[in-house]
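Below is one structure, written out as structure tokens; the observations come after it.
Every read-out reported here was derived from the displayed coordinates using simple, explicitly stated rules and does not represent laboratory data. Values in this document were obtained by computation on a predicted structure and should not be read as measured data. Cβ: placed from backbone, ideal geometry, glycine included. Neighbour counts: every protein chain shown.
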Amino acid sequence: MPKNFSLGPVHVPAPPIERFCQFLERNGKRLTRQRRLIVEQVFSHHDHFDADELLDHLRPLLAARKLSRPTVYRTLSELVEAGLIRKLPLGTRSIFEHEYGYPSHDHLYCQRCNRLIEFHSADLDRICAAVAKEHRFEVSGHRMFVMGICAECRK
């Protein structure tokens, strides 16, 4: 019988834009139209992305001078600081993934096409907990990338 390695449902007590507004207010900042556009784009779908991919999605707004590159980079940093997204170093680049409301998970990473496949394994969680207990180590979380070549790239 195959195991289910899916992440399961995402549960959030408030929409990401609301949480971001709270973060901005605590830091004496406000939600500008530009920040709102960036947050809406980032959370319009669940996908890993790098800054260049986000900029590509926002290209029409950049061209119309409704957004600037520095604002995009600053807002990404603020989203990380707010705990809404996570920045992960991957090879020679950094990628971002949604963090807010997403369950703990790990990744399969294709070194040829850069595809990321998310998965969760209760068995892996138990192994981590057992090793931590053996070493009297307090775990705050873990992030694992299993590297290899995906089925598509092996064809």
Checklist entry - Across region 103-108, in residue order, what do the Karplus-derived ³J(HN,Hα) couplings come to in whole Hz, using 6.51 cos²θ - 1.76 cosθ + 1.60 with θ = phi - 60° and x for Gly and Pro? => result x, 4, 7, 10, 9, 9
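Rounded to the nearest 5, what is the percent of antiparallel bridges among the DSSP beta bridges in region 106-154?
Taking every DSSP beta bridge with both residues in region 106-154, the antiparallel ones total about 50 percent.
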Item to check | Ellipsoid semi-axes in whole angstrom, largest first, where each is sqrt(5λ) of the Cα gyration tensor of region 106-154 | outcome: 28, 9, 8
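Using helices alone, what [θ] at 222 nm do you get for the chain, with -39,500 (n - 2.57) per DSSP H run of 4 or more residues, divided over all residues and rounded to the nearest 500?
Taken over the chain, the calculation gives -11500 deg cm²/dmol.
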Checklist entry - What translational diffusion coefficient, in µm²/s and rounded to a whole number, does the Stokes-Einstein relation yield for the chain at 4 °C and a viscosity of 1.567 mPa s, taking the hydrodynamic radius as the Kirkwood radius over Cα pairs? => result 73 µm²/s
Checklist entry - Tell me, what is the Rg over Rh of region 16-98, with Rh the Kirkwood radius over Cα pairs? => result 0.95
Checklist outcome for this item: In the neighbourhood of ARG36 defined by beta carbon distances under 12 Å, the net charge of the other residues (Lys, Arg +1; Asp, Glu -1) is +2
